[in-house]
Every structure is written in structure tokens, then in C-alpha cells.
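The next block holds one structure in the form of C-alpha cells; read it before the comments.
The values are calculated or read from the model by the stated rules, or taken from the named source; none is laboratory data. What you see is a predicted model, and the numbers here were worked out from it, not measured in a lab. Please note: Cβ atoms are built from the backbone with ideal geometry, for glycine as well, and neighbour counts cover all protein chains shown.
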Amino acid sequence: MEVIIKKDYSEICEEAVNVIHRSWHKKRNLVLGLATGKTPLGVYEGLIRLYSERKMDFSDVSAFSLDEYLGLPEDHPQSFAFYMQHNFFRHINIPRDNIFRLDALPGDIETHCREYEKKIQSAGGIDIQILGIGKNGHIGFNEPSSSLSSRTRVKTLTQETIEANAHFFRDREDIPRYCLTMGIGTIMESRKILLLASGKEKAEAIRQSIEGSITASIPASILQLHPQAKFIIDAEAASQLTQRKYYEWVYDHKDKVDAFLANKKK
Ligand code: F6R
């Protein structure tokens, strides 16, 4: 696990974009796992910019959605399918056949989730999973108490999430109460995980995830066990970390440490 603290939101997005861009240079058929929400918007904007400047090409890239509300039609403005299409896919040249989504209206939910997992495997696994984090430490729609080894499945939204969504819907009856989400076990199989967080409201969840015990009460705390997980956070989100100075020192001296280790090998 690595903790990267940047000044503000635009810097964390830039850092994540650079990681993805570098990885793409090494592997053109990169498999991405993508989250929705406010936080990754700047990352998608950065990747779109690289595409429009002809510095990145998505024709061999594949993308898997992290989660989806159950019951919303694909073209509903609140569906994750709509979000991804609107904020990312329609601006780049990713082939339609390389986009994999959890279906909001699947025939048989269990079969659909199992098939989704198989599709991830057939694509060779996820190279980079982008995550945001909830104020309660959730990742994807894995709310506190989700099994830390869970697979893709249906989840019931918390009352908090349902209320947070309420203003997006004219009729309360239309507010989704269930969702599909990659499981925590599924997420943990990604080769690299970039969790982004910005703002004071995420500071407590970030502290507990990085410096607290690993617990199903804070699902993101499981990332402590992932060798290639990066928490890319801004100063406000980092404001409650007790080891902040150490993380900053490690990051600032990364090149020197790499050079030192390379020299030792000779
Ligand atoms: C989104 C998702 C959620 C969000 C989290 C943070 O696909 O799975 O876990 O990443 O709720 O949301 P924002 O970024 O809007 O604060």
C-alpha cells in the first residue's frame, strides 16, 4: 500500500492519470475497472484530454464498471451506464465490445453476476481499478459489514445512500434500493488499485482505512493487504493521518530509494 498526498483535487487526478498513462505505455490492452461518483470525474477528463492530444489510444483498452443501480434503465441519467457513457466513453475511441457493464435489469441476477466475474477473468483480470470512497469507508457499493471476500452480487443500499440519492428523483418510488457491485474479493484481485479521495468529509474514512484495523466495518481498510494499492488523496482528505509526514517523505524520496535499491542489486 502506498499513500500519495497531493495539494488538491486537480493534483490527485493528474497523479492517477499519469499512473494509467504509464501503465498503458507498457500494456496497450489495459483492462480498467471504473467507478462513478464525483471523485473520478477529473481522471476521466484527464484521460479524454490525452486522447484528444493523441497521446493515448483506447482501441485495445477494456473497461469494467464497478457497480450499477438495479432497476434503472440504461438511459436513465442516474444510471451508472449513463454516467460512464456521458462522462467518458463517448469522448474516447474505446470499442463498444470492450465495455463491460453490470446490467441494471438482468434476467437472472446470480447468473449475471457469475458471468460478469467470468468476463473479468477472460479479459485477463483488471489491471487498474479506480475507486472512490464513501464517508463510511465503502468501496463500490460494499457498505460496512460487507464480507471482505465477497464477489459480485446484489446489495441493499443503506438508508443514508437512499436519502443522498433522493433529490435526483422526482418520485420517491423511483429511488433505487438495490444495486449490483463487484465484491471486495473481486476488487482485491485487481493488479493495481487507485483509491482517490478529496476533501475534509473523507478525512475520517481515510484515516480509518489507512491507519485503523482491517475490518468489515471500514471496507476500504482491506486495501492495507494489497501490495499495489495507492491511496491518492489531497491535503484535506489526509488531514487526520498521524503518519502523514512519513508518507510524504517516502513519496518525495521514491526516486532516491529506487536508485539506491538498483545500485545494491549491481
Ligand atoms: C461509485 C462507487 C462509490 C463512490 C463513493 C464516493 O461507483 O462505487 O463507492 O466511489 O461513494 O463517491 P464520490 O466520489 O461521489 O464522493
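Is there any pair with a first residue in segment 157-183 that is over 15 Å from Leu70 (Cβ atoms) and a second that is at pLDDT below 90 whose Cβ atoms are under 6 Å apart and which are 6 or more apart or on different chains, and what are they?
Ala166/Ile175; Phe168/Gln78
One residue is enough: does segment 244-262 have a residue meeting the conditions under 15 Å from Ala203 (Cα atoms) and either in a helix (DSSP H, G or I) or in contact with a His (Cβ under 7 Å, 6 or more places away or on another chain) (or both)?
Yes: one or more hits.
Condition first: over 17 Å from Gly42 (Cα atoms) and either part of a loop (DSSP other than H, G, I, E, B) or without any contact (Cβ under 8 Å) to a residue 60 or more places away in the chain (or both). Now tell me which residues in segment 66-81 satisfy that.
Leu66, Leu70, Gly71, Leu72, Pro73, Glu74, Asp75, His76, Pro77, Gln78, Ser79, Ala81
I want to confirm something. Restricting to segment 50-69 and keeping residues that are of a type in the set (A, V, I, L, M) and within 14 Å of the ligand (Cβ to nearest atom), which single residue is nearest to the chain's Cα centre (by Cα)?
Keep residues of segment 50-69 that are of a type in the set (A, V, I, L, M), which gives 50, 56, 61, 63, 66.
In the following step, the residues that additionally are within 14 Å of the ligand (Cβ to nearest atom) were identified as 63, 66.
Values: Ala63: 12, Leu66: 7 Å.
Looking at residues that are of a type in the set (A, V, I, L, M) and within 14 Å of the ligand (Cβ to nearest atom), I get Leu66.
Working only within segment 109-137, note down all residues that are in a loop (DSSP other than H, G, I, E, B) and at pLDDT 95 or above. Spell out how you get there, then give the answer.
Of the residues in segment 109-137, the ones in a loop (DSSP other than H, G, I, E, B) are 123-127, 132-137.
Answer for segment 109-137, where residues must be in a loop (DSSP other than H, G, I, E, B) and at pLDDT 95 or above: Ala123, Gly124, Gly125, Ile126, Asp127, Gly132, Ile133, Gly137.
Can you name the condition, by its number, that Pro106 falls short on among (1) in contact with a Cys (Cβ under 9 Å, 6 or more places away or on another chain); (2) within 14 Å of the ligand (Cβ to nearest atom); (3) not in a helix (DSSP H, G or I)?
(2)
Given the conditions (1) at pLDDT below 95; (2) farther than 22 Å from Leu72 by Cβ; (3) not polar (S, T, N, Q), and given that Glu143 satisfies all but one, which numbered condition is not satisfied?
Condition (2) is where Glu143 drops out.
Within segment 167-204, restricting attention to residues that are farther than 30 Å from Leu30 by Cα and hydrophobic (A, V, I, L, M, F, W, C), which residue is modelled with the highest pLDDT?
Ranking the candidates gives Ala203 first.
Quick one: what pairs do we get from segment 34-48, first residue more than 15 Å from Gln85 (Cβ to Cβ), second part of a helix (DSSP H, G or I), C-beta under 6 Å, 6+ apart or different chains?
Matching pairs, first to second residue: Gly42/Cys13; Val43/Cys13; Val43/Ala16; Val43/Val17; Gly46/Cys13; Gly46/Val17.
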